[in-house]
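A short write-up of the structure that comes next.
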Amino acid sequence: MQDNARDINEFINKILLYVKQEGEPLYSFNLSTLIEEAIDSIGSLIPHTITVSKSLHDPLLINCNANDIKSVVVNLLLNALDSIKDGKGELQIRTEKETIKNKSYAKLTVKDSGAGIPQEHLDSIFDLMYTTKDEGSGFGLFFVKKVIEKYQGKIEVQSAPGKGTSFSIYLPLYKEGIIK
């Protein structure tokens, strides 16, 4: 039992170290391209009974490690697919430019018509090891939030049982000459 706990702790520390990596080279990527690649990577997991609609604004350039953002998108999409009961429903993916307090962001919204998240769980969904799934790890949304924060972004969630869930991610738009 102690060995398992030690292994889990070591795994978590490695992941946190990865998420916190500073000084790694960042490049400018079009968010819509990264989203398309993420969707393509899980395309075979999307049942034909789920309607996927996309409204992707081009170009929305962000500074990032492409694999980080693709992992975030895949995680959100898989969660959305899991929440759609009986494999019938809708999944909407939208990007747009949004300005908040004179700062420009690329906004990504992933919205599903799934089961929704009860209000009493919303404050905990980004906590490490928190899950309501029988087979969940409690790591996915924690990882998503940490990656978004790594790029000075933010994530918001709106949900209601029986009405689905919407995650909105805001990432600062690329500015020429500013690569951290």
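Quick note: the coordinates plus some simple rules give every number you see, no bench work behind them. These numbers were taken from a predicted model, which means no experiment stands behind them. Positions of Cβ are backbone-derived with ideal geometry, glycine not excepted, and every protein chain shown enters the neighbour counts.
Observations on the model:
- Flag if Lys101 is under 16 Å from Lys154 (Cα atoms), without any contact (Cβ under 8 Å) to a residue 40 or more places away in the chain and either out of contact with any helix residue (DSSP H, G or I) (no Cβ under 9 Å at 6 or more places or on another chain) or surrounded by fewer than 17 Cβ atoms within 10 Å (Cβ to Cβ) (or both): yes
- Residues of the range 23-71 that turn out to be within 18 Å of Tyr174 (Cβ to Cβ) and of a type outside the set (Asp, Glu), as a count: 24
- Subset of the range 144-168 (residues that are farther than 19 Å from Leu26 by Cα and either of a type in the set (D, E, K, R) or in contact (Cβ under 8 Å) with a residue 40 or more places away in the chain (or both)): Glu156, Val157, Ser159, Ala160, Pro161, Gly162, Lys163, Gly164, Thr165, Ser166, Phe167, Ser168
- One residue stands out among those in the range 65-83 that are buried (at least 18 other Cβ atoms within 10 Å of the Cβ) and in contact with a strand residue (DSSP E or B) (Cβ under 6 Å, 6 or more places away or on another chain): the one that is farthest from Gly164 (Cα to Cα), which is Leu76.
- Strands (runs of 3 or more DSSP E) (entirely within the range 70-180) containing at least 3 residues that are hydroxyl-bearing (Ser, Thr, Tyr): 103-112, 164-172
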